[in-house]
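Below: the structure, in structure tokens.
The values are calculated or read from the model by the stated rules, or taken from the named source; none is laboratory data. Just so you know, these numbers come straight off a predicted model, no measurement behind them. Note that each Cβ is placed from the backbone with ideal geometry, even for glycine, and that neighbours are counted across all protein chains shown. Protein only, heavy atoms only, side chains kept; ligands, DNA and RNA dropped before computing areas. Shrake-Rupley method; radii C 1.70, N 1.55, O 1.52, S 1.80 Å.
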Amino acid sequence: MAYEPMITVVGNLGTDAEFRKTPKGVPVTSFNLANTTRKFTNNEWVNGNTTWFRVFVWSKDAAGTANTLRKGDKVIVTGRFAVDKYVTKDGEERQSLEITAETVGVIPKHAPEPVALQHSKSDEEPIEEFPW
């Protein structure tokens with residue numbers, strides 16, 4: 001389908017990335033991505049609804065993605081968004097939220113503390129730490 005909207009989603013892999021080739025030999029990697037809303041309520045973080053996406057990475061990026069991503073990894077995905085409607089074996093109509101990825105990035109689980117920013121000599125006051 002042409003003109004699908006672009007979407008960026010941050011979430012965790014619900015499955016290991018799975019590599020395969022189409023009957024015509026085109027490499028593709030797919031995985032399920034869970035995006036869960038969170039709210040800060042009563043001095044604690046509470047999980048909200050989870051939205052699942054099926055992500056597809058095609059061609060030259062497929063093998064590297066499959067070798068890198070594992071269940072539970074936190075990633076950021078940007079790509080074309082589409083809704084696929086299908087009927088199950090039991091005759092139930094369902095929808096699948098799908099992303100054809102253009103970029104996939106891994107977010108480290110244990111990122112180091114940010115380093116203080118350094119200003120040039122022309123700046124009056126140095127920034128001692130990040131504002132967040």
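Only one of these conditions is not met by Thr88: (1) of a type outside the set (A, V, I, L, M, F, W, C); (2) touching an Asp or Glu at 6+ places or on another chain (Cβ under 9 Å); (3) at pLDDT 60 or above. Which number is it?
With (1) of a type outside the set (A, V, I, L, M, F, W, C); (2) touching an Asp or Glu at 6+ places or on another chain (Cβ under 9 Å); (3) at pLDDT 60 or above applied to Thr88, the lone miss is (2).
Quick check, is Arg94 out of contact with any helix residue (DSSP H, G or I) (no Cβ under 9 Å at 6 or more places or on another chain) and open to solvent by 80 Å² or more (accessible area, probe 1.4 Å)?
Working: out of contact with any helix residue (DSSP H, G or I) (no Cβ under 9 Å at 6 or more places or on another chain): yes; open to solvent by 80 Å² or more (accessible area, probe 1.4 Å): yes.
The answer is yes for Arg94.
Of these, Gly25, Gly11, which one is crowded, with 16+ Cβ neighbours inside 10 Å and either of a type in the set (Gly, Ala, Ser) or on the phi > 0 side of the Ramachandran plot (or both)?
One residue alone meets the criteria, Gly11.
Which one of these is open to solvent by 30 Å² or more (accessible area, probe 1.4 Å), within 23 Å of Pro108 (Cα to Cα), modelled with pLDDT of 95 or more and among the basic types (Lys, Arg): Arg38, Arg54?
Arg54
Of the conditions (1) surrounded by 17 or more Cβ atoms within 10 Å (Cβ to Cβ); (2) part of a strand (DSSP E or B); (3) of a type in the set (A, V, I, L, M), Val106 fails just one. Which one is it?
Among (1) surrounded by 17 or more Cβ atoms within 10 Å (Cβ to Cβ); (2) part of a strand (DSSP E or B); (3) of a type in the set (A, V, I, L, M), Val106 violates only (1).
Name the one entry in Asn47, Asn32 that is exposed (fewer than 15 other Cβ atoms within 10 Å of the Cβ) and over 13 Å from Val104 (Cβ atoms).
Asn47
Condition test on Phe81, is it surrounded by 12 or more Cβ atoms within 10 Å (Cβ to Cβ), modelled with pLDDT of 95 or more, assigned to a strand (DSSP E or B) and hydrophobic (A, V, I, L, M, F, W, C)?
Working: surrounded by 12 or more Cβ atoms within 10 Å (Cβ to Cβ): yes; modelled with pLDDT of 95 or more: no; assigned to a strand (DSSP E or B): yes; hydrophobic (A, V, I, L, M, F, W, C): yes.
For Phe81, the condition - surrounded by 12 or more Cβ atoms within 10 Å (Cβ to Cβ), modelled with pLDDT of 95 or more, assigned to a strand (DSSP E or B) and hydrophobic (A, V, I, L, M, F, W, C) - is not met.
Looking at the stretch 1-43, which of the residues that are over 14 Å from Phe53 (Cα atoms), in a loop (DSSP other than H, G, I, E, B) and of a type in the set (S, T, N, Q) is nearest to the chain's Cα centre (by Cα)?
Thr22
Can you tell me which residues in the stretch 60-81 are small (Gly, Ala, Ser) and closer than 16 Å to Thr103 by Cα? Can you show your working first?
Keep residues of the stretch 60-81 that are small (Gly, Ala, Ser), which gives 62-64, 66, 72, 79.
Correct list: Ala62, Ala63, Gly64, Ala66, Gly79.
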